[in-house]
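Below: one structure, written as structure tokens.
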Amino acid sequence: MSQKTSVAVLNESTVNDFVQDSDAFEKCVDEQFKMFDSKGNGAVSRADIRRGYGRLMALEYEKQSEEEINSLNDSIFERFDEERNGTLSREQFRRFMKEMMLAMARSFGDVPVQVALEHDSMLMKAVEHELSRG
């Protein structure tokens, strides 16, 4: 694994509070979009999303089968690629990230969960956001 990783503890409110802080959340989403946009053309492709899953979620995604990852990718583009051109615009990516983060928050619930995260992942950004607020 090329990315630095850490173990962090988070729960539903960690992620929800981050998403609700629209300035902080949108800044991080814009940073992620720039990292995902491999061609620098203002669009994120299926291949870009696939390469960047570790920045989106906990490292457990690596345990998913090829079929599960393909199905996830298909679902993302079916839901958010309104033009059906195989790419997500910045706004489509922003909506995808918000929906995905809120879904992950619901899955964590109120009980603190310990997860391995890449340092530049959105979940790590949520943890850092929580820590910065004391």
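Given N residues in the chain, what is Rg(Cα) / (2.2 N^0.38 Å)?
Details: Rg = 14.3 Å, N = 134, 2.2 N^0.38 = 14.1 Å.
Scaled against compact globular proteins, the figure is 1.01.
How far apart, in nanometres, would the label points at residue 27 and residue 85 be if each is projected 7 angstrom from Cα along the Cα-to-Cβ direction?
Rounded to a tenth, the inter-label distance reads 3.0 nm.
Roughly how many Å² is the accessible area per residue of segment 24-134, as a whole number, for a 1.4 Å probe? Could you put the intermediate results ahead of the total?
Values: 6080 Å² over 111 residues.
Normalised by residue count, the accessible surface of segment 24-134 is 55 Å².
Below 8 Å between Cα atoms, with a sequence gap of 6+, how large is the relative contact order for the chain in percent? Don't jump to the answer; show the numbers that get you there.
Numbers: 162 pairs, mean separation 66.3, N = 134.
The value is 49 percent.
Which cross-chain or sequence-distant (5 or more) residues have an amide H under 5 Å from the amide H of residue 37, H modelled 1.01 Å from N in plane?
Those qualifying (amide H under 5 Å, at least 5 residues apart or on another chain) number zero.
Label 7 Å along Cα→Cβ of residue 20; segment 74-100 residues with amide nitrogen under 20 Å?
95, 97-100
For the residue pair residue 119 and residue 98, what label-to-label distance in nm results when each label sits 7 Å from Cα along the Cα-to-beta-carbon direction?
For residue 119 paired with residue 98, the spin-label model returns 3.0 nm.
For every other residue with a beta carbon closer than 15 angstrom to the beta carbon of residue 134, add +1 if it is Lys or Arg and -1 if Asp or Glu, then tell me the sum.
Working: positive: 133; negative: 17, 21, 128, 130.
In short, -3.
Could you work out [θ]222 nm for the chain from helices alone, using -39500 (n - 2.57) per DSSP H run of at least four and dividing by all its residues? Round to the nearest 500 deg cm²/dmol.
On the way: 7 runs with 79 residues, N = 134.
When only DSSP H runs of four or more count, the value is -18000 deg cm²/dmol.
Rounded to whole Hz and in sequence order, give me ³J(HN,Hα) for segment 128-134 from the Karplus expression 6.51 cos²θ - 1.76 cosθ + 1.60, θ = phi - 60°, writing x for Gly and Pro.
Running phi through 6.51 cos²θ - 1.76 cosθ + 1.60 with θ = phi - 60° gives 4, 4, 4, 5, 6, 8, x Hz.
The values are calculated or read from the model by the stated rules, or taken from the named source; none is laboratory data. Please read these numbers as outputs of a predicted model, since none were measured by experiment. Here Cβ is always computed from backbone atoms with ideal geometry, including for glycine, and neighbour counts include all displayed protein chains. Keep in mind that these areas ignore ligands, DNA and RNA; they rest on the heavy atoms of the full protein, side chains included. Shrake-Rupley method; radii C 1.70, N 1.55, O 1.52, S 1.80 Å.
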